[in-house]
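Here the structure is laid out as structure tokens; the discussion comes afterwards.
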């Protein structure tokens with residue numbers, strides 16, 4: 001086995017709550033208020049959507065239709081001026097009315113006359129405004145391991161932003177650091193006290209591996225979707241919830257029917273605007289008692305069919321212990337761009353107020 005190459009859970013896709021956008025010639029991370037499920041392939045427009053993203057959104061639309069009786073259609077190619085999240089419905093209606101007026105003028109020029117039905121203009125605009133993409137804020141999942149620390153790997157991580165190589169990885173007690181002599185173990189004081197992290201480049205970085213639990217998900221039982229985050233709210237909540245669920249289920253965390261959810265909170269540092277973080281819990285519509293009963297039955301069935309969960313977790317621990325860093329160099333470059341942007345505070349001075357707010361949210365653990 002290759003020394004220094006960490007063996008991590010196989011990844012078939014990504015789950016994110018943000019994207020990288022370009023402003024003033026800089027590529028900056030921007031958080032979102034919903035999940036997006038992508039493949040590991042990028043195009044010129046960014047990460048390509050995974051089929052499960054569309055499947056889960058369509059199911060969510062179906063449930064909303066059953067509850068409200070109002071159909072919400074997803075627009076595949078909504079014009080950019082109508083998709084800007086900062087615009088009010090009144091502004092969108094005004095733009096739609098103007099577009100309808102321009103179309104009638106063009107038709108008048110071509111045919112010489114046209115009959116204008118103003119009621120249709122005002123009736124059509126609200127319906128188009130309402131036809132927006134359904135927000136994906138929960139995903140049915142299962143975790144691979146009963147040990148929460150194997151599902152969520154979180155460390156203080158410092159990158160060389162030029163080469164995208166990790167310089168130091170620590171847990172608040174000890175760290176592994178790249179030096180002129182190679183990799184050395186040292187005490188870890190955390191980003192607030194460490195002299196090496198004085199520029200703010202060292203921060204918590206977590207990788208959360210889950211399986212999307214859906215009949216149409218083609219991934220095999222040992223493949224995962226990875227959610228990467230530098231949000232302390234997400235990491236703390238996910239780890240705490242998993243520890244509680246592991247304890248209350250008698251150590252059967254990997255057999256529980258779970259879902260990840262997007263939650264919101266606001267703080268003084270976020271200027272009272274919502275910041276979003278990831279939570280995990282028993283699936284909607286299933287009580288904790290019923291979930292534990294399902295887990296007991298699933299664990300018993302697994303033992304009868306030869307499934308050895310303890311051996312799987314031991315193999316995972318051995319694989320994690322082989323190397324310093326989980327991502328390969330090409331993946332690390334993407335991570336540095338998305339989660340460790342260069343000179344955020346200097347760039348923020350030249351951005352609009354809403355963009356500055358998003359940067360301040362990221363600094364206080366947004367996501």
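The values are calculated or read from the model by the stated rules, or taken from the named source; none is laboratory data. Here the structure is a predicted model, which is why all the values come from computation and not from measurement. Note that each Cβ is placed from the backbone with ideal geometry, even for glycine, and that neighbours are counted across all protein chains shown.
Results, tabulated for the structure shown:
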read-out: Segment 192-217: number of residues that are at pLDDT 85 or above and in contact with a helix residue (DSSP H, G or I) (Cβ under 9 Å, 6 or more places away or on another chain); value: 12
read-out: Count of residues meeting criterion [assigned to a strand (DSSP E or B) and surrounded by fewer than 19 Cβ atoms within 10 Å (Cβ to Cβ)] in segment 154-166; value: 2
read-out: Failed item in (1) modelled with pLDDT under 75; (2) out of contact with any helix residue (DSSP H, G or I) (no Cβ under 9 Å at 6 or more places or on another chain), with residue 141 passing the rest; value: (1)
read-out: Boolean, residue 303 is within 23 Å of residue 15 (Cα to Cα) and modelled with pLDDT of 90 or more; value: no
read-out: Residue check for residue 320: surrounded by 13 or more Cβ atoms within 10 Å (Cβ to Cβ), under 17 Å from residue 148 (Cα atoms) and touching a residue at least 12 places away in the same chain (Cβ under 8 Å); value: yes
read-out: Any hit, segment 25-35, residues being surrounded by fewer than 12 Cβ atoms within 10 Å (Cβ to Cβ) and either at pLDDT 70 or above or assigned by TED's automatic domain parsing to the domain that holds residue 317 (or both); value: yes
read-out: Contacts under 8 angstrom Cβ, first residue in segment 183-196 being in the same structural domain as residue 168 (by TED's automatic domain parsing), partner part of a loop (DSSP other than H, G, I, E, B) and loosely packed, with under 10 Cβ neighbours inside 10 Å, 6 or more apart; value: 187/173; 188/173
read-out: Qualifying position, being farther than 29 Å from residue 6 by Cβ and free of Cβ contacts under 8 Å to residues at least 40 places away in the same chain, among 283, 272, 261; value: 272
read-out: Answer from 291, 219 - the residue that is part of a loop (DSSP other than H, G, I, E, B) and surrounded by 14 or more Cβ atoms within 10 Å (Cβ to Cβ); value: 219
read-out: Test result for residue 207, in contact with a strand residue (DSSP E or B) (Cβ under 9 Å, 6 or more places away or on another chain) and crowded, with 16+ Cβ neighbours inside 10 Å; value: yes
read-out: Selection from segment 156-188 of residues that are under 24 Å from the mean Cα position of the chain (by Cα) and farther than 10 Å from residue 202 by Cβ; value: 160, 161, 164, 165, 166, 171
read-out: Failed condition for residue 235, given (1) farther than 22 Å from residue 157 by Cα; (2) part of a helix (DSSP H, G or I); (3) under 13 Å from the mean Cα position of the chain (by Cα); value: (1)
read-out: Among (1) in contact (Cβ under 8 Å) with a residue 24 or more places away in the chain; (2) under 30 Å from residue 295 (Cβ atoms), the one test that residue 236 misses; value: (1)
read-out: Flag for residue 229 being assigned by TED's automatic domain parsing to the domain that holds residue 212, in contact with a helix residue (DSSP H, G or I) (Cβ under 7 Å, 6 or more places away or on another chain) and farther than 30 Å from residue 7 by Cα; value: no
read-out: Test set (1) surrounded by fewer than 17 Cβ atoms within 10 Å (Cβ to Cβ); (2) at pLDDT 65 or above; (3) under 26 Å from the mean Cα position of the chain (by Cα); (4) in a helix (DSSP H, G or I) - residue 53 fails condition number; value: (1)
